[in-house]
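What follows draws every value from the coordinates through simple rules; no lab data is involved. In this text the structure is predicted, and so the values were computed from the model without any measurement. Note that each Cβ is placed from the backbone with ideal geometry, even for glycine, and that neighbours are counted across all protein chains shown.
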C-alpha cells in the first residue's frame, strides 16, 4: 500500500513539537534541581512546625499545610510543572510514532530514527511511573537530558522518510522482538542512570570537589537511588531477556540459525551478562553496593555503544537501520 504522505507530514510535525516540549520540560527540571536543597530545608521546617502545633490545636496542621502549599518556592513549582510537561511531551512522542505507523501501514520500528523515538518514549514513560512511586522529581533533568539529546540526534542524523521496511523486517516479529527490546532498554536506561547518581550521591557527600558536593546535596539519599535502580532493573532485565529470545527465534526463521555472533547480537549479549551480573552482585551480601552500581553503569555504556557505534561503524546482518 502506498504511504500516506499527509499523515507522514503530521507525524514529523508532531515529533518536532514533542522535541520542543521535552526541551521545555528539561529547562523546568533544571530549575527544580538547582533549588532541590532548598526544598528539603523547607519540607523539614514544615514537618517540624506541624509536629509542634499538633498537640495544641488539631485544626492548625491543616492551616500550616495550606500555607506551605501556597508558598512553595518557584523552583519547586517548576519541578512539578516539569513532570506535567513531560507527560505532554511523551504523549506527542507516542503520537508521532502512531501517525508514522498508520501512514506507512506497518509497525513504526523499521529504522533507527523510529527506534530512537520509541526509546525516548519508553524512557520518559518509565521515568513518569518511577516519579509517581518514589520521591525522585529532582532527578528529572538527568533523565530528560539524555532523552532530549537522543531525540535531537534522531531528527538531525537518523531521520528517514516514511516508507515501507526492507524485506528482512517484513515479519510480525518486528512488533514483538523490537518493541520488547526497546521498551526494556528504556527501563534499563533509567535503572543505570539511578546507579550512576547513586555513585555521585554516595561519594559526593564527602568529596573535596565543590561541584560534586553541590550535586550530591541536591540528590535523594543513596539508599533510595540504589533501591530504585535495583527494582527498575528487576523489571527491565526479564523483558530484555525475552526480547533476546524472541530475536533468536526470528533469526532462525529469517536466516536459518538462532545465533550467529553478529556484532549487534554479541554486544547485546555482553549487555545482558552485565545486567545479570549487577542483579547477582546486588543480591549478594559480600558485594559492596557501589561495586554493583558500577556494573550497572558499565551495562549502560555497552548499551549506548551497541546503539551508536554498532549501527554507525560496524556492518553486519543488523545493518538495515536506514542509515545509508
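Most exposed first by the Cβ proxy, i.e. fewest other Cβ within 10 Å, how do 144, 28 rank?
28, 144
Treating only the Cα positions of region 115-227 as identical point scatterers, give the base-10 log of I(q)/I(0) from the Debye formula at each q in 0.12, 0.22 Å⁻¹.
Debye output, listed in q order: -0.54, -1.20.
Taking R0 as 30 Å, what FRET efficiency do you get between residue 27 and residue 257 from their Cβ-Cβ distance, rounded to the nearest 0.05?
It comes out at approximately 0.05.
Could you tell me the calculated FRET efficiency between residue 248 and residue 290, based on Cβ-Cβ distance and R0 = 35 angstrom, to the nearest 0.05?
Working: r = 34 Å, r/R0 = 0.98.
Plugging the Cβ-Cβ distance into 1/(1 + (r/R0)^6) gives 0.55.
Can you sort 231, 132 so the residue with the fewest Cβ neighbours within 10 Å comes first? Working shown, then result.
On the way: 231 15, 132 10.
Ascending Cβ contact count within 10 Å gives the list 132, 231.
Residue separation times 0.36 nm, minus the C-alpha to C-alpha distance between residue 175 and residue 3: what's the value?
60.0 nm
Rounded, prolate or oblate, given the Cα gyration tensor of region 259-314, with a/c below 1.5 counting as rounded?
oblate
Can you check what the Kirkwood hydrodynamic radius comes to for region 199-286, Cα pairs only, in Å to one decimal? List each step's numbers first, then the result.
Working: mean 1/r = 0.0635 Å⁻¹.
One decimal place: 15.7 Å for the Kirkwood radius.
Using the alpha-carbon centroid of each, what span in Å lies between region 246-310 and region 74-115?
The distance from the Cα centre of region 246-310 to that of region 74-115 comes to 26 Å.
How much length is gained if the chain between residue 87 and residue 304 is pulled fully straight, taking 0.36 nm per residue apart and subtracting their Cα-Cα distance, in nm to one decimal?
Length gained, residue 87 through residue 304: 75.7 nm.
Suppose R0 equals 35 Å; then what is the FRET efficiency for residue 276 and residue 132 from their Cβ-Cβ distance, rounded to the nearest 0.05?
0.80
Counting pairs of Cα atoms in region 84-181, how many percent are more than 19 Å apart?
Summing the P(r) tail past 19 Å for region 84-181 gives 44 percent.
May I ask you to sort 11, 241, 195, 201 by Cβ crowding, counting other Cβ atoms within 10 Å and putting the fewest first?
241, 201, 11, 195
Need one number for region 166-324: average projected area of the convex hull over its C-alpha atoms, nm². The partial results should precede the final answer.
Working: hull surface 43.2 nm².
In nm², the orientation-averaged hull projection of region 166-324 is 10.8.
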